[in-house]
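K.L.:
Here you go, one structure.
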Amino acid sequence: MDFKCAEDEKKSETIKEFVKEISYYILDTIGEKKIKSIILTGSTGRGEASAININGEIKILSDFDFMVVTSNIKWSKLRNVCKVLSKDLTNKMKTRGLLSHICITATTPFFLKILKPSIRNNEFKKLDKVVWGEDSLRHVRFFKTEKIPKMDAIELINNRMAEHLENQFQNNELYFSYYLNSKYVIDTARSLLAFENQFKYKYSERPQQINILFKKLNLNIFLPMNYPKFIEIWTKFKLNPDIEEIEKRYIELKNLGKNDDIFQSMCRDTSEILLKVWLYEVTDLLKEKKVEYPESEYIKYLIKKYVNSNTNFLKALIVSTLFFLDNRKEIHNAFYMIKQMKHPKILINASLISLLSYQYTLDKEFLLLSYKFISCFDKKVKKNINWEYLAKKTVEWWGKIESYYVKA
């Protein structure tokens, strides 16, 4: 393998050993004859993986994402094999310094040929690496940046918002939480640059381009004045994780005191950045330009219009923007608006994800209860449970929510 997986040479070599071992497991489990190629994707494939040295031991923060290309007509069955293999290898490698996950997926040359314009597919074509077999990337088309749909950029923000909220309930090690936070922040730059047809494919190239874009479009009207600086310091952390350094830079940037909770301050800023980038992109998409920072009523109106005009793209994660509203009455009104949308999927997804409004809405005990409720439904939805049943259960849950507000 004549490419780097990370900027630091020692970390790169450690990660490459993982890549080789995982590749051998894939070949051994699936069989060489069934595989045309194995492609390493994501930041590891791009040479920008994250790892940290803890007391002489290298801990790998980035995911390992592999795509197995096969010509087997029963390739869809391989997806189940890949799913089991991903879980087994993740558990195995976590005993040796992996803090994230291994994800293995399967596809065919035909599906590679019909990939549509997107941020991920362009990154796939331009930067990902074939680690075994033939060059299957030749089947993938590369599209001009302006061909990437704006909705693709917004979907990226939607996902990061939900992940950021969800992460508040995970018992991650501190340095892994810092890593996740860096991912959420710098992916706002990834989204924004794609949205404005100014996309850069390497993390290291984006801070400078964001700085140019920020000045050119007067984004200080919509985003925090120090947004380009946030992108710069978190990108440096992503490429070379150092907790002491990021805390030092962050304290200087925010002028924090010694007794301030630095990580909580970071989480609040990340929440604000995610929300404001999302608002900027959606107002542009819906041609709803509004210079001043929108009030809660406007956010509710925007969400409703967005849902009604983009139902094909709806994942309901956008309603997680409500976590930024710190007035209980306003949030309750917003929940009521969502409740009137009737459609069971919107009712359940949008309203329940909104409950993950950790520090801005409800107390910790209630939020944990909400989170367990959502997790329960997530498992049942995968089994194609009847949406009417879910809707009925959700109506019962609304009674509990309304009782809580009355009591509060």
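K.L.:
Do the conditions hold for R190, that is, is it under 16 Å from the mean Cα position of the chain (by Cα), of a type in the set (K, R) and in a helix (DSSP H, G or I)? Working first, answer last.
P.N.:
Numbers: under 16 Å from the mean Cα position of the chain (by Cα): yes; of a type in the set (K, R): yes; in a helix (DSSP H, G or I): yes.
Yes, satisfied.
K.L.:
Among the residues of segment 22-56 satisfying the criterion of being part of a strand (DSSP E or B) and touching a residue at least 60 places away in the same chain (Cβ under 8 Å), which is nearest to the chain's Cα centre (by Cα)? Give the derivation first.
P.N.:
The first filter runs over segment 22-56 and keeps only residues part of a strand (DSSP E or B), leaving 37-41, 51-54.
Now restrict to residues that are touching a residue at least 60 places away in the same chain (Cβ under 8 Å): 37-41, 51-52, 54.
Numbers: S37: 27, I38: 24, I39: 21, L40: 19, T41: 15, A51: 19, I52: 21, I54: 26 Å.
So the residue we want is T41.
K.L.:
If T14 meets every condition in (1) in contact (Cβ under 8 Å) with a residue 40 or more places away in the chain; (2) assigned to a helix (DSSP H, G or I); (3) over 30 Å from E245 (Cα atoms) apart from one, which number is that one?
P.N.:
The failed condition is (3).
K.L.:
Run T90 past the list (1) surrounded by 20 or more Cβ atoms within 10 Å (Cβ to Cβ); (2) modelled with pLDDT of 95 or more and report the number of the one that doesn't hold.
P.N.:
Failing condition for T90: (1).
K.L.:
Have a look at L112, L174 and point out the one that is under 28 Å from D269 (Cβ atoms), in contact with a helix residue (DSSP H, G or I) (Cβ under 8 Å, 6 or more places away or on another chain) and among the aliphatic types (A, V, I, L, M).
P.N.:
Working: L112 fails: under 28 Å from D269 (Cβ atoms).
Among L112, L174, only L174 is under 28 Å from D269 (Cβ atoms), in contact with a helix residue (DSSP H, G or I) (Cβ under 8 Å, 6 or more places away or on another chain) and among the aliphatic types (A, V, I, L, M).
K.L.:
Let me ask something else about it. Going by the conditions given, is Y201 of a type in the set (S, T, Y) and part of a loop (DSSP other than H, G, I, E, B)?
P.N.:
Values: of a type in the set (S, T, Y): yes; part of a loop (DSSP other than H, G, I, E, B): yes.
In short, yes.
One line per residue, one yes/no per condition, for (1) surrounded by 18 or more Cβ atoms within 10 Å (Cβ to Cβ); (2) assigned by TED's automatic domain parsing to the domain that holds R120; (3) closer than 21 Å to S265 by Cβ:
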site	(1), (2), (3)
L193	yes, no, no
S204	no, no, no
I221	no, no, no
E232	yes, no, yes
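K.L.:
Looking for something assigned to a strand (DSSP E or B), touching a residue at least 40 places away in the same chain (Cβ under 8 Å) and in the same structural domain as I39 (by TED's automatic domain parsing) - is there at least one such residue anywhere in segment 75-94? Walk me through it before giving the result.
P.N.:
Pass one, segment 75-94, residues assigned to a strand (DSSP E or B): none.
No, there is no match, as no residue in segment 75-94 is assigned to a strand (DSSP E or B), touching a residue at least 40 places away in the same chain (Cβ under 8 Å) and in the same structural domain as I39 (by TED's automatic domain parsing).
K.L.:
For V282, which of the numbered conditions (1) modelled with pLDDT of 90 or more; (2) assigned to a helix (DSSP H, G or I) fails to hold?
P.N.:
Failing condition for V282: (1).
K.L.:
Would you pick out the residues in segment 115-124 that are touching a helix residue (DSSP H, G or I) at 6+ places or on another chain (Cβ under 7 Å) and not in a loop (DSSP other than H, G, I, E, B)? Show your work before the answer.
P.N.:
Start the filter on segment 115-124 by keeping residues that are touching a helix residue (DSSP H, G or I) at 6+ places or on another chain (Cβ under 7 Å), which leaves 115, 117-119.
The one that is touching a helix residue (DSSP H, G or I) at 6+ places or on another chain (Cβ under 7 Å) and not in a loop (DSSP other than H, G, I, E, B): I119.
K.L.:
Which condition from (1) crowded, with 21+ Cβ neighbours inside 10 Å; (2) touching a helix residue (DSSP H, G or I) at 6+ places or on another chain (Cβ under 6 Å) is the one that F214 breaks?
P.N.:
Failed condition: (1).
K.L.:
Can you tell me which residues in segment 57-74 are outside any strand (DSSP E or B) and either loosely packed, with under 14 Cβ neighbours inside 10 Å or among the basic types (K, R) (or both)?
P.N.:
Kept after step one, since they are outside any strand (DSSP E or B), are these residues of segment 57-74: 61-63, 70-74.
S71, I73, K74 - these are the residues of segment 57-74 that are outside any strand (DSSP E or B) and either loosely packed, with under 14 Cβ neighbours inside 10 Å or among the basic types (K, R) (or both).
K.L.:
Going through segment 240-252 one residue at a time, which ones are part of a helix (DSSP H, G or I) and either within 17 Å of the chain's Cα centre (by Cα) or over 21 Å from R190 (Cβ atoms) (or both)?
P.N.:
The initial filter retains those residues of segment 240-252 that are part of a helix (DSSP H, G or I), namely 243-252.
Once the filter is applied, which keeps residues that are part of a helix (DSSP H, G or I) and either within 17 Å of the chain's Cα centre (by Cα) or over 21 Å from R190 (Cβ atoms) (or both), segment 240-252 yields I243, E244, E245, E247, K248, I251, E252.
K.L.:
Considering each of E134, E196 in turn, give the residue that is of a type in the set (D, E) and in contact (Cβ under 8 Å) with a residue 24 or more places away in the chain.
P.N.:
Working: E196 fails: in contact (Cβ under 8 Å) with a residue 24 or more places away in the chain.
Just a single option satisfies the conditions, and that option is E134.
K.L.:
Among the candidates N122, N158, single out the residue that is surrounded by 14 or more Cβ atoms within 10 Å (Cβ to Cβ), within 20 Å of the chain's Cα centre (by Cα) and more than 25 Å from Y178 (Cα to Cα).
P.N.:
On the way: N158 fails: more than 25 Å from Y178 (Cα to Cα).
That would be N122, the only listed residue that is surrounded by 14 or more Cβ atoms within 10 Å (Cβ to Cβ), within 20 Å of the chain's Cα centre (by Cα) and more than 25 Å from Y178 (Cα to Cα).
K.L.:
Considering only segment 221-238, I want to know if a residue exists there that is without any contact (Cβ under 8 Å) to a residue 12 or more places away in the chain, in a loop (DSSP other than H, G, I, E, B) and within 20 Å of the chain's Cα centre (by Cα).
P.N.:
Scanning segment 221-238 turns up no residue that is without any contact (Cβ under 8 Å) to a residue 12 or more places away in the chain, in a loop (DSSP other than H, G, I, E, B) and within 20 Å of the chain's Cα centre (by Cα).
The values are calculated or read from the model by the stated rules, or taken from the named source; none is laboratory data. Here the structure is a predicted model, which means the values were calculated and not measured. Backbone-built Cβ (ideal geometry, glycine too); neighbour counts: all protein chains shown.
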